[in-house]
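Heads up, the thing below is written out as structure tokens.
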Amino acid sequence: MPQLHPHLVPIFDEIVRRNPGEPEFHQAAREVIESLAPVVERHPEYADAEILRRLCEPERQIIFRVPWVDDAGRTQVNRGFRVEFNSALGPFKGGLRFHPSVNLGIVKFLGFEQIFKNALTGMPIGGGKGGSDFDPKGKSDAEVMRFCQSFMTELYRHIGEYTDVPAGDIGVGGREIGYLFGQYKRITNRYESGVLTGKGISWGGSLVRTESTGYGAVFFAQEILRTGGDSFDGKRVVVSGAGNVATYAIEKVHQLGGTVVACSDSSGYVVDEAGIDLELLREVKDVRRARIREYAEARAGATYVSDGSIWDVPADVAIPSATQNELDESGAAALVRGGVRIVAEGANMPTTPQAIRVLREAGVIFAPGKAANAGGVATSALEMQQNASRDAWTFEHTEERLHETMRAIHDRCLETAERYGAPGDYVVGANIAGFTRVADAMLALGVI
Ligand code: NDP
């Protein structure tokens, strides 16, 4: 692991000591702190004001009981979380994740990442994240509705268009946002569109929000290619996952002339040399809500692998878009053997620190999620803008705004990395550009 600047060691040690049993939060914090050595040297005012120590402590953490009744009439109990991490730049903003693996440490890692990601977009949004250990898989629509209503019955008192604006994440899509918004509206007696993003188009949502994270990650990779005088044309691409981020990443790669030859779910992966057939993938995952194995069963020439690693599939570009720490050291080594040149994170922290080291040593360009997947939250901010002005933009206009934002984030990362002595290093660029924007706002707002 890279050494920390001596001034930063006690800060990181304190994070580990005060947040026991939260390895994902430690990992996310360490990755940012490792990048900050040149900032410490140039900006003693940040240390004087204890900016980093304040930033690593959430402004507010809410944990609550979510009781609900299943279709068999049994009472179930889940746990709800909302970590309101930093609001120096705007209302807390970040998704809700419904997955059995959710715990406080996971929500804190995601909320921490969100601070810097949101700052990088240049938009007026702070960072937060939430969710529950509820598993929507195998639940009926009515059960999901009752769960969402119970979840919102507590959450509503903590959120608002000027306070905290949740959105979707793993396990939370349009269906769940609808039930959550319905309950918020009912309890508060307010049609406050700006309180949630990812809404349906007919009730305050923005075109392109659904597509934005996947599209954005591909736009980011396209900028990397363009900087090297290249394009997606003719490139072989591997995208892990088969959810919201993955499917729209696949769609955009195909639009730009590349071919996605493999994708996955948590049971296995499929290889389709002819290019993933998106219509079939959506039929399997979204309509049937089935396992990806059924894709290979329905498609001539496609194969399903249940006991391997998707990173064994050779590719020029890899876009991990499933979950945290899904790309480990051996996966990275396999990608390098397969000739990968760019890894752009569609998911949040899908690449382990050891895997990042392997990629870097092999000269692979690595784009961290807080830059490459910022298109989702950026388009959420555009949704808030449309809600505030009671306007609705066209698909083309909104996609162009997303594209411009991804270009700007890309350029901001490169320019910052260069300025701080790490040319071409997107991790350093993203961390420092995000950190300094938040730090300057925190300095201006005083010790609060
Ligand atoms: P979805 O729930 O829509 O999809 C997640 C996909 O990943 C599913 O196909 C799921 O398979 C698969 N998956 C989950 N765990 C694993 C695993 N251990 N191994 C392999 N596959 C797995 O979520 P999203 O697409 O919304 O989110 C994916 C990632 O992108 C997350 O890290 C999220 O935080 C991040 N992200 C999402 C944004 C958004 O706008 N939605 C914005 C920015 C980041 P299965 O069906 O088997 O569970």
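Some notes on this structure:
- Residues within segment 306-322 that are buried (at least 24 other Cβ atoms within 10 Å of the Cβ) and either among the charged types (D, E, K, R) or not assigned by TED's automatic domain parsing to the domain that holds Gln222 (or both), tallied: 0
- Residue match in segment 203-210 (condition: under 21 Å from the mean Cα position of the chain (by Cα), within 16 Å of the ligand (Cβ to nearest atom), within 27 Å of Asn325 (Cα to Cα) and in contact (Cβ under 8 Å) with a residue 60 or more places away in the chain): yes
- Residue within segment 420-436 that is without any contact (Cβ under 8 Å) to a residue 24 or more places away in the chain and part of a helix (DSSP H, G or I) present: no
- Condition check for Ala374: over 18 Å from Ser35 (Cβ atoms) and either crowded, with 20+ Cβ neighbours inside 10 Å or touching a helix residue (DSSP H, G or I) at 6+ places or on another chain (Cβ under 7 Å) (or both): no
- Among the candidates Glu294, Glu326, Glu345, the residue that is among the charged types (D, E, K, R), within 10 Å of the ligand (Cβ to nearest atom) and in contact with a helix residue (DSSP H, G or I) (Cβ under 6 Å, 6 or more places away or on another chain) is uniquely Glu345.
- There is no residue in segment 156-167 that is buried (at least 23 other Cβ atoms within 10 Å of the Cβ) and free of Cβ contacts under 8 Å to residues at least 60 places away in the same chain.
- Residue pairs whose Cβ atoms lie under 9 Å apart, separated by 6 or more positions or on different chains, with the first residue in segment 244-270 and assigned by TED's automatic domain parsing to the domain that holds Thr323 and more than 8 Å from Gly214 (Cα to Cα) and the second polar (S, T, N, Q) and away from the ligand (no atom under 14 Å from the Cβ), are Val253/Thr259; Leu256/Gln222; Leu256/Ser231; Gly257/Ser231; Gly258/Ser231; Val270/Thr303.
- Which listed residue, of Val238, Val144, is more than 12 Å from the ligand (Cβ to nearest atom), under 30 Å from Thr75 (Cβ atoms) and among the β-branched types (Val, Ile, Thr): Val144
- The listed residue being at pLDDT 95 or above and surrounded by fewer than 17 Cβ atoms within 10 Å (Cβ to Cβ), out of Ala355, Ala332, Ala298: Ala298
The values are calculated or read from the model by the stated rules, or taken from the named source; none is laboratory data. Fair warning: this is a prediction, and the values are worked out from it, not measured in the lab. No Cβ is skipped: glycine too gets one built from the backbone with ideal geometry, and neighbour counts run over all protein chains shown.
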